[in-house]
Amino acid sequence: MGQSNVGKSVIFNRLAGAHVTESNYPGTTVDFAKGFMRLDQENVEIIDVPGTFSLEAKDRAEEVAVRMLKEEQDALIVCVIDSSKIERGLYLALEIMERGYPMVVALNMWDVANNSNVKVDATKLEQILGVPVAPTVATRGEGLKELVLRMKEATPGEIEKIMGRVGTKIGTHS
Ligand SMILES: Nc1nc2c(ncn2[C@@H]2O[C@H](COP(=O)(O)OP(=O)(O)OP(=O)(O)O)[C@@H](O)[C@H]2O)c(=O)[nH]1
Ligand SMILES: [Mg+2]
C-alpha cells in the first residue's frame, strides 16, 4: 500500500516476476492485481492496490485499496513511501500500524531523494517506527532482496510506543 505514484506497481511486478496473474503496469492503478512470490521457500500471494492518501477513501480507486486491506486480515503490508516526500507517506503508515497489521516500509525513490537535498535516515526511521525499513530503487531493482528478507521480521508496530517516541521528540526543547 502507499500513496499514488510511489512505485508500488513497479515493486509488485519485480517481486511477482513471471508469477503475475494480472499485471499492473506503471501508471495510475485503479484496480488490484494479484501474483505470487517466493518467501521462505513458500509461494505467497501478493496484491498490488491503487494508491491511497489515507484509509479514509476519497474515490473509487482508494476504496479498492482500503477494502482490500479490510478483506485481507492476515496480510503483511508493504508500505511504499516516496523517500523524497517522506512525511506524506508516514501518515498512511501510521494508520496501517494502528489497525494492527504487520508491516515493512519500502523507502522507494531512494535515488530521487539522494539526488535532492533530502537526507533520509532509514535506520532512525526504523527505530522510531519499530518496523523494518528498507531503502529501494524499484526501477533498478535495488534494495528489493533486502526488502523481502526484512518481511520475515515484520511484526505489528506498537502504535502507543511510537506515539511515545514521537511525542518525546516533539516535546523536547533545546
Ligand atoms: N526514479 C525512480 N522512479 C521510480 C522508482 N520506482 C518507481 N518509479 C517510477 O515512478 C512512476 C510510478 O510508478 P508506479 O509503480 O506506477 O507507482 P504506483 O505507486 O503503482 O502508482 P499508483 O498505482 O498510481 O498508486 C513510474 O514512472 C516508475 O517508473 C524509483 O525507485 N526511482
Ligand atoms: Mg500502481
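None of the figures in this text is laboratory data; all of them are computed from the coordinates on show. In this text the structure is predicted, and so the values were computed from the model without any measurement. All Cβ positions, even for glycine, are placed from backbone atoms using ideal geometry, and neighbour counts span all protein chains on display.
If THR52 satisfies all but one of (1) in contact (Cβ under 8 Å) with a residue 40 or more places away in the chain; (2) more than 13 Å from ligand 1 (Cβ to nearest atom); (3) assigned to a loop (DSSP other than H, G, I, E, B), what's the number of the condition it fails?
The failed condition is (2).
Does any residue in the range 1-23 that is small (Gly, Ala, Ser) come within less than 6 Å, Cβ to Cβ, of a residue that is more than 11 Å from ligand 1 (Cβ to nearest atom) six or more places away or on a different chain, and which pairs are these?
That search, which allows pairs on different chains as well, returns GLY2/CYS79; ALA16/GLY35; ALA16/MET37; ALA16/ILE46.
Touching a Phe, Trp or Tyr at 6+ places or on another chain (Cβ under 6 Å), under 20 Å from ILE162 (Cβ atoms) and within 13 Å of ligand 1 (Cβ to nearest atom) - does that describe any residue in the range 83-90?
yes
A quick yes/no check of all residues on (1) surrounded by fewer than 19 Cβ atoms within 10 Å (Cβ to Cβ); (2) within 14 Å of ligand 1 (Cβ to nearest atom); (3) over 17 Å from the mean Cα position of the chain (by Cα):
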| residue | (1), (2), (3) |
| --- | --- |
| ASN5 | yes, yes, no |
| ALA16 | no, yes, no |
| GLY27 | yes, yes, yes |
| PHE36 | yes, no, yes |
| GLU42 | yes, no, yes |
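Residues of the range 103-131 being surrounded by fewer than 24 Cβ atoms within 10 Å (Cβ to Cβ) and assigned to a loop (DSSP other than H, G, I, E, B), which ones?
Of everything in the range 103-131, those that are surrounded by fewer than 24 Cβ atoms within 10 Å (Cβ to Cβ) and assigned to a loop (DSSP other than H, G, I, E, B) turn out to be ASN115, SER116, ASN117, VAL118, LYS119, VAL120, ASP121, GLY130.
Which of (1) within 9 Å of ligand 2 (Cβ to nearest atom); (2) touching a residue at least 40 places away in the same chain (Cβ under 8 Å) is the odd one out, the single condition LEU69 does not satisfy?
Of the numbered conditions (1) within 9 Å of ligand 2 (Cβ to nearest atom); (2) touching a residue at least 40 places away in the same chain (Cβ under 8 Å), the odd one out for LEU69 is (1).
Given (1) of a type in the set (A, V, I, L, M, F, W, C); (2) crowded, with 17+ Cβ neighbours inside 10 Å; (3) near ligand 1 (Cβ under 9 Å from one of its atoms); (4) within 28 Å of ALA57 (Cβ to Cβ), where does VAL137 come up short, assuming only one miss?
Only one criterion is unmet by VAL137, namely (4).
Counting just the residues of the range 24-49 that are among the aliphatic types (A, V, I, L, M) and either without any contact (Cβ under 8 Å) to a residue 40 or more places away in the chain or within 12 Å of ligand 2 (Cβ to nearest atom) (or both), which one comes out nearest to ILE81 (Cα to Cα)?
VAL49
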